[in-house]
1. What is the distance, in nm, between label points placed 7 Å from the Cα along the Cα-to-Cβ direction at D115 and at L225?
2. What list of ³J(HN,Hα) couplings, whole Hz, do you get for segment 65-71 from phi and the Karplus terms 6.51, -1.76, 1.60, once you set θ to phi - 60° and write x for glycine and proline?
3. Taking amide H positions as placed 1.01 Å from N in the peptide plane, with prolines and chain starts having none, which residues 5 or more places from W106, or on another chain, fall under 5 Å of its amide H?
4. Please list the three semi-axes, largest first and in whole Å, of the ellipsoid equivalent to segment 106-163, using sqrt of 5 times the eigenvalues of its alpha carbon gyration tensor.
5. Would you be so kind as to identify which of T138, V210, T36 lies farthest towards the positive end of the dipole of the chain, taking Lys and Arg as +1 and Asp and Glu as -1 on Cβ and the Cα centre as origin?
6. Ignoring solvent entirely, what values of log10 I(q)/I(0) come out of the Debye formula for segment 95-229 at 0.10, 0.16, 0.17 Å⁻¹ when each Cα is a single scatterer?
7. Tell me which GluC sites (Glu not before Pro) from segment 137-214 have a DSSP coil assignment and no more than 14 other beta carbons within 10 Å of their own.
8. Sum up the charges of everything whose Cβ sits under 11 Å from the Cβ of W163, counting Lys and Arg as +1 and Asp and Glu as -1, but leave W163 out.
Amino acid sequence: MAHPTQLGFQDAASPVMEELLHFHDHALMIVFLISTLVLYIIVAMVSTKLTNKYILDSQEIEIVWTILPAVILVLIALPSLRILYLMDEINDPHLTIKAMGHQWYWSYEYTDYEDLGFDSYMIPTQDLAPGQFRLLETDHRMVVPMESPIRVLVSAEDVLHSWAVPSLGVKMDAVPGRLNQTAFIASRPGVFYGQCSEICGANHSFMPIVVEAVPLEHFESWSSLMLEDA
């Protein structure tokens, strides 16, 4: 999860998020190079009185600074399109979960099971246990098996919400009357935090998302206990 004074993204916990981090570094390096070149040109033009008529009026340099930006845009666009297709691709999910946004909590339904579902409310500050995070911890976590393709169907009951978990590279709008879908693979066990990323009302910042990735055998034990309690 994020920590104070953090500058970059959260550590990647899914293959898609790793690709997004690589693309971010790729694009940022291009921005640094362009900024350095432009700054050098500005300083050179301001700090010298020398002029060159071949630079002031040159067809060759016009061609270069027209083609070069086009090449740079292609170098940014191609990996961007590749990641967009990767994020939209859902192949043979092992588990499907329906996440429904309410004012102001999430409810989850494991559609592969007959009767497995629960509401997920934020734990109030006064009820937090030692080590739990304020405004991020919930009374029921969305438990998923690690290294398995998970499909999440996202919708809302009342107003616009957005189901987002940054470390998994997932962000999908929850629209009333519409069923959107996204997918992720948790590449390691852990607890990953997110929040509603749509301004959905006064308590918008108080509907956190907690995804807990566990080994498959632990997930099976958890699902069995939840079905017994139901």
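1. About 2.0 nm, to one decimal.
2. Here the 3J(HN,Hα) series is 7, 9, 6, 4, x, 5, 5 Hz.
3. It is S120, by chain and number.
4. Details: eigenvalues 108, 52, 27 Å².
Three semi-axes, in Å: 23, 16, 12.
5. So the residue we want is T36.
6. Normalising to I(0) and taking log10 leaves -0.30, -0.79, -0.90.
7. Values: sites: E137, E147, E157, E198, E212; in loops: E137, E147, E157, E198.
Taking segment 137-214 and a limit of 14 other Cβ atoms within 10 Å, the loop GluC sites (Glu not before Pro) found are E147, E157.
8. Numbers: positive: K98, K171; negative: D173, E198.
Value of the local net charge: 0.
The values are calculated or read from the model by the stated rules, or taken from the named source; none is laboratory data. Keep in mind the model is a prediction, meaning the values are calculated, not measured. Cβ sites come from the backbone with ideal geometry, for glycine too, and all protein chains shown count toward neighbours. Remember, those area values only see protein heavy atoms, side chains included, never the ligands or the DNA or RNA. Shrake-Rupley method; radii C 1.70, N 1.55, O 1.52, S 1.80 Å.
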